[in-house]
Amino acid sequence: MSFNLNMKRSVLWCVCLALAACASFQSNRPAENDRVKIEYAGFITAADQDNQQAQLIWYFNFSAKPSLKKLESVMVEEVLPDKSFLVLVQDNAPVLKDGLWAGRTAGVPANRTSTPWLYAKNASTSTFRFTIKPEGEPPFILYQPVSFPDSVKEVS
């Protein structure tokens, strides 16, 4: 019985965070050029395999415009707030499915040590750099800022 209750709480928490992150993202203008439009850059939390600890997972996606047919690679890095370039996704075999690319990270523990910003007071802002390389062409870069208000970051 407690497993089902814990699982339901985990699923509900994930849905709430995903919706809140999506709503938060909407307040930021999606990065866009003549080739792609960033559709989502955000996170969810989910229980690990043993249902013992929350994991933070970053999700990203963009839609390709008609001029972009095939991709060679996609890299997503977090460039702020730490001013270092942390590679979150390196996709060397990207696929556009119905004109959409999607990538995600492996989960990291969602705790005060590994994700302190999640527990910080006030909104947290991250900026992600998307390096997109079309097949047979030079890469291009888009930067996507995302703000996460306290209401999104409330972790119990």
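Every read-out reported here was derived from the displayed coordinates using simple, explicitly stated rules and does not represent laboratory data. The model shown is predicted, which means the values in this text are computed figures rather than measured ones. Virtual Cβ from ideal backbone geometry, glycine too; neighbours counted across all protein chains shown.
A Förster distance of 22 Å, applied to the separation of the beta-carbon atoms of residue 92 and residue 57, puts the FRET efficiency at 0.60. Within straight-line reach of residue 97, meaning a Cα separation under 24 Å, sit the following lysines at least 8 residues removed in sequence or on another chain: 37, 65, 69, 70, 133. Candidate cross-link partners of residue 121 among the lysines, defined by an alpha-carbon separation under 19 Å and a same-chain spacing of 8 or more, comprise 153.
Per-residue extension of 0.36 nm, minus the Cα-Cα distance of residue 83 and residue 143, leaves a gain of 20.3 nm for this segment. A crude spin-label estimate for the pair residue 106 and residue 49, with each label 7 Å from Cα along the Cβ direction, gives 1.1 nm.
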